[in-house]
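Visitor: Can you read through this structure? Questions will come right after.
The values are calculated or read from the model by the stated rules, or taken from the named source; none is laboratory data. All values reported here derive from a predicted model rather than from experimental measurement. Quick reminder, even Gly has a Cβ in these numbers, built from the backbone with ideal geometry, and neighbours come from all protein chains shown. Keep in mind that these areas ignore ligands, DNA and RNA; they rest on the heavy atoms of the full protein, side chains included. Shrake-Rupley method; radii C 1.70, N 1.55, O 1.52, S 1.80 Å.
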Amino acid sequence: MQTTVDTAEIAKFEAMAAEWWDPKGKFKPLHMLNPCRLGYIADQVAAEFGRDLSAPRPFEGLRLLDIGCGGGLLCEPMARLGATVTGVDAAPRNIPVAEIHAAQSGLEIDYRTGTAEEMAAAGAQFDVVLNMEVVEHVADPQAYLDACAALLRPGGMMICSTINRNPKSFAMAIVGAEWVMRWLPKGTHEWHRFITPDELFALISKAGLQPVDRTGFVFNPLGWSWSLSRRDLSVNYVTTSLKAG
């Protein structure tokens with residue numbers, strides 16, 4: 001089966017697998033970003049599927065797939081919100097870490113080692129596909145997004161985040177995060193793999209989905225916090241797209 005997995009990229013994340021749940025470890029940037037991206041995801045899902053976020057388990061009955069789930073930083077809160085969650089990752093060492101943490105947290109999450117292409121070939125379909133910080137690491141973004149689209153049922157939603165490609169993103173995501181702050185090992189990201197919002201919208205549209213939103217994740221170094229911005233998509237950003245019903 002053809003795959004878009006880049007083995008060199010997988011090796012980078014396997015080397016850090018044990019640190020997924022250490023907020024001061026190599027995944028510190030994701031822990032810092034997580035509340036912001038969780039808020040965006042919850043709002044988008046609730047709006048599209050008519051769910052009340054003040055309810056105890058508002059996403060009950062929704063099937064959700066997190067592609068490139070890592071240690072489960074998104075899977076666990078989605079499960080707490082009531083979704084039936086599957087997490088898949090191409091890096092085998094990530095899955096036991098995720099499974100152990102979910103068990104310790106009393107959560108039932110279906111974790112699997114695999115790829116979007118394998119899941120799509122098996123005929124799996126979901127209401128929501130989370131595709132967060134993955135597309136810049138695959139060998140063929142279009143083929144990968146085609147597989148993600150196939151994983152959505154009619155009327156389903158994909159939320160996809162990545163990093164813009166411009167001088168500012170090089171300065172912030174590579175020089176700042178990897179070289180200066182050392183939040184991530186050098187070489188975690190490659191600037192030429194970054195994707196502009198217009199490029200991502202074109203790829204998503206070609207995959208057969210309708211892009212309906214794009215929003216920036218903006219880091220404030222003074223407040224040491226992240227926020228959402230409709231205007232500033234210069235570095236990290238997220239998109240929502242829908243599959244026709």
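Visitor: Of the residues Asp66, Asp43, Asp6, only one is surrounded by fewer than 17 Cβ atoms within 10 Å (Cβ to Cβ), at pLDDT 80 or above and not aliphatic (A, V, I, L, M); which?
Guide: Numbers: Asp66 fails: surrounded by fewer than 17 Cβ atoms within 10 Å (Cβ to Cβ); Asp6 fails: at pLDDT 80 or above.
So the residue among Asp66, Asp43, Asp6 that is surrounded by fewer than 17 Cβ atoms within 10 Å (Cβ to Cβ), at pLDDT 80 or above and not aliphatic (A, V, I, L, M) is Asp43.
Visitor: Does any residue in segment 38-65 that is assigned to a loop (DSSP other than H, G, I, E, B) come within less than 6 Å, Cβ to Cβ, of a residue that is open to solvent by 80 Å² or more (accessible area, probe 1.4 Å) six or more places away or on a different chain, and which pairs are these?
Guide: Note: pairs meeting the criteria are Pro58/Asp52.
Visitor: Take Ile163 and tell me if it is crowded, with 20+ Cβ neighbours inside 10 Å, in contact with a strand residue (DSSP E or B) (Cβ under 8 Å, 6 or more places away or on another chain) and modelled with pLDDT under 95.
Guide: yes
Visitor: Suppose we keep only residues that are among the hydrophobic types (A, V, I, L, M, F, W, C) and assigned to a loop (DSSP other than H, G, I, E, B) within segment 214-245. Which one would you say is farthest from Ile163 (Cα to Cα)?
Guide: Ala244
Visitor: Let me ask something else about it. State the number of residues belonging to segment 191-213 that are more than 17 Å from the chain's Cα centre (by Cα), modelled with pLDDT of 95 or more and part of a helix (DSSP H, G or I).
Guide: 5
Visitor: Just to be sure I understand the filter: pairs with C-beta atoms under 6 Å, separated by 6 or more residues or on different chains, first member in segment 145-157 and in contact (Cβ under 8 Å) with a residue 12 or more places away in the chain, second member open to solvent by 10 Å² or more (accessible area, probe 1.4 Å) and in a strand (DSSP E or B). Which pairs pass?
Guide: Gly156/Asp127; Met157/Leu242
Visitor: Write out, first by first residue and then by second, each pair whose Cβ atoms fall under 7 Å of each other, whose residues are 6+ apart or on separate chains, and whose first residue, in segment 111-134, is closer than 16 Å to Ser241 by Cβ and among the hydrophobic types (A, V, I, L, M, F, W, C) while the second is open to solvent by 20 Å² or more (accessible area, probe 1.4 Å) and part of a strand (DSSP E or B).
Guide: From residues that are closer than 16 Å to Ser241 by Cβ and among the hydrophobic types (A, V, I, L, M, F, W, C), the pairs are Phe126/Arg63; Phe126/Arg153.
Rundown of residues vs (1) within 17 Å of the chain's Cα centre (by Cα); (2) open to solvent by 10 Å² or more (accessible area, probe 1.4 Å), yes/no style:
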{"residue": "Val85", "(1), (2)": "yes, no"}
{"residue": "Val97", "(1), (2)": "no, yes"}
{"residue": "Glu108", "(1), (2)": "no, yes"}
{"residue": "Tyr111", "(1), (2)": "yes, yes"}
{"residue": "Ala121", "(1), (2)": "no, yes"}
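Visitor: Looking only at segment 108-127, decide whether some residue is part of a loop (DSSP other than H, G, I, E, B) and at pLDDT below 95. Steps first, please.
Guide: Here is the first cut: in segment 108-127, the ones part of a loop (DSSP other than H, G, I, E, B) are 108-109, 114-115, 122-125.
The next check asks that each one be at pLDDT below 95; those that pass are none.
No.
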